[in-house]
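Here's the structure we're looking at; comments come further down.
The values are calculated or read from the model by the stated rules, or taken from the named source; none is laboratory data. No experiment lies behind these values; they were computed from the predicted model shown. A quick note on method: Cβ atoms are made from the backbone with ideal geometry, for glycine too, and the neighbour counts reach across all protein chains shown.
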Amino acid sequence: MVKKSHGYRARTRSLMSKRVRKRGISPLSTVLREYEVGQRVDIVIDPSFHKGMPHKRYHGRTGVVVGKRGRGIVVEVTLGKAVKNLIIRPEHLRPSRG
């Protein structure tokens, strides 16, 4: 029998892969973007940056910026009834339109 992988990026073949023309490192503007407390952000994982990457269950979710911690940004996300505080680097965030 083969044992199933239980890694942090398990079963993310399509979720954490970039489209062909988007491959490589993202532009610097994504890293240097500033976020204010109370701003709504979308969590979109950038697979080219491994540091500060949130778990795959938060990909596509929207949260509120609560504060900063070092280079990371503290984002409050609801997951069912639970409220989670995630420390995410700005490469994996984008301002929410909605």
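Determine whether the stretch 72-90 contains at least one residue that is in a loop (DSSP other than H, G, I, E, B), more than 14 Å from the chain's Cα centre (by Cα) and at pLDDT 90 or above.
Residues of the stretch 72-90 that are in a loop (DSSP other than H, G, I, E, B), as a first pass: 80-81, 89.
Still in the running and more than 14 Å from the chain's Cα centre (by Cα): 80-81.
With at pLDDT 90 or above added as a condition, the list becomes 80-81.
Among the residues of the stretch 72-90, at least one is in a loop (DSSP other than H, G, I, E, B), more than 14 Å from the chain's Cα centre (by Cα) and at pLDDT 90 or above, which makes the answer yes.
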Which members of the stretch 29-71 meet the condition of being touching a helix residue (DSSP H, G or I) at 6+ places or on another chain (Cβ under 6 Å) and outside any loop (DSSP other than H, G, I, E, B)?
-> 30, 31, 43
For the stretch 43-71 the number of residues that are surrounded by fewer than 17 Cβ atoms within 10 Å (Cβ to Cβ), under 11 Å from the mean Cα position of the chain (by Cα) and farther than 15 Å from residue 8 by Cα is 3
Give the residues of the stretch 69-83 that are touching a residue at least 24 places away in the same chain (Cβ under 8 Å) and out of contact with any Phe, Trp or Tyr (no Cβ under 8 Å at 6 or more places or on another chain), sorted by residue number.
-> 75
